[in-house]
Every structure is written in C-alpha cells, then in structure tokens.
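Colleague: One structure coming up, written as structure tokens, with questions to follow.
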Amino acid sequence: AALDLGDEAAALAWVRARAPSATVFVTRGDGPTSVLGAFGRVDVPALRAKRCVDATGAGDGFIGGMVRLFAALPARSRTTPDAAAARAAATIGNAMGARVVQGVGALGADTRPLRATCERLVLSLTSPASPARRATEKAPK
C-alpha cells in the first residue's frame with residue numbers, strides 16, 4: 001500500500017512501525033512544526049519569513065539548523081532528545097528554513113546572519129548553567 005503523506009496520523013504510524021523509538025519532526029511550511037518522541041509531543045510555531053521568493057531548499061535549511069544543534073549535544077541527547085532539545089532543534093530549523101525562502105534556489109539566501117542566533121541557541125541549551133541542560137541531566141536514564 002502507498003503511504004499517504006497527506007495523512008499525518010498514517011505517516012506517523014508507518015514510521016513508528018519501522019522505528020518505534022524515533023524522534024519525528026513534522027514540518028508544515030509556514031505552519032507549526034511538531035516533534036514527536038519519547039517525551040511526547042512539542043509544537044513549535046513557524047517563523048514568518050520577511051518575504052517568500054522561492055521555497056526551494058527550505059527543508060534543507062531546516063535540517064541544517066537542526067543538525068547543527070544536535071551536533072553540539074551530548075551523545076545521549078542526540079539519540080534520545082528531550083522536549084527542550086527537540087524544541088530548540090525545531091526553532092533553529094524553522095529559523096533557517098524561513099531565511100532560505102527569502103532567496104532564489106537552495107543557495108540563493110545568505111544564512112550567515114543566522115549563525116550568531118543559531119550559536120546562541122545552541123549555547124543556551126548546552127551550557128551547564130542552562131535550565132534545559134539541568135532538566136536533561138535530572139531526567140531518568
């Protein structure tokens with residue numbers, strides 16, 4: 001049977017049947033991003049682009065921001081993120097996707113202005129003083 005990606009519940013069931021412990025990111029363009037994982041569900045509002053010139057590469061921008069955050073996390077948080085890590089990853093991903101659509105093509109937008117913001121978000125989550133980091137460290141293993 002073909003997988004209907006327009007039916008979120010069916011698509012999620014398909015993923016869960018093959019990877020029960022996976023963390024799943026559901027992006028919806030200018031709608032909210034949902035992250036589903038062992039922590040439950042987190043919904044992160046979309047960030048509005050100043051203008052949308054071309055949607056090519058928006059998903060790549062999202063993945064790039066998300067991967068940058070996960071690369072800074074301890075290994076355990078990369079494989080089993082908590083709600084704070086999932087929210088931060090979706091926020092960074094949304095920001096990068098919103099920036100990419102402002103240019104033509106996947107490489108048309110200058111994403112350098114987001115580097116400082118991305119790095120601040122990463123530091124806020126990974127710093128030992130971070131409430132999100134302390135919550136992760138107190139979480140049952």
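Colleague: Arg87 passes all but one of (1) surrounded by fewer than 18 Cβ atoms within 10 Å (Cβ to Cβ); (2) modelled with pLDDT of 90 or more; (3) of a type in the set (D, E, K, R); which number fails?
Modeller: For Arg87, the exception is condition (1).
Colleague: If a residue has to be open to solvent by 70 Å² or more (accessible area, probe 1.4 Å) and within 22 Å of Thr80 (Cα to Cα) to count, how many in the stretch 17-32 make the cut?
Modeller: Residues that pass the stated criteria total 5.
Colleague: Quick one: Ala58 ticks every box in (1) under 18 Å from Gly31 (Cβ atoms); (2) surrounded by fewer than 17 Cβ atoms within 10 Å (Cβ to Cβ) bar one, so which box is it?
Modeller: The failed condition is (2).
So that you can scan it fast, the table gives a plain yes or no per residue for (1) basic (Lys, Arg); (2) surrounded by fewer than 15 Cβ atoms within 10 Å (Cβ to Cβ); (3) in contact with a Phe, Trp or Tyr (Cβ under 7 Å, 6 or more places away or on another chain); (4) without any contact (Cβ under 8 Å) to a residue 40 or more places away in the chain:
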{"position": "Glu8", "(1), (2), (3), (4)": "no, yes, no, yes"}
{"position": "Asp43", "(1), (2), (3), (4)": "no, yes, no, yes"}
{"position": "Cys52", "(1), (2), (3), (4)": "no, yes, no, no"}
{"position": "Gly65", "(1), (2), (3), (4)": "no, no, no, no"}
{"position": "Ala75", "(1), (2), (3), (4)": "no, yes, no, yes"}
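The values are calculated or read from the model by the stated rules, or taken from the named source; none is laboratory data. Note that the coordinates shown come from a computational prediction; the quantities given were computed from them, not determined experimentally. Cβ atoms come from the backbone with ideal geometry, glycine included; neighbour counts cover every protein chain shown. With ligands, DNA and RNA removed, areas are computed over all heavy atoms of the protein, side chains included. Shrake-Rupley method; radii C 1.70, N 1.55, O 1.52, S 1.80 Å.
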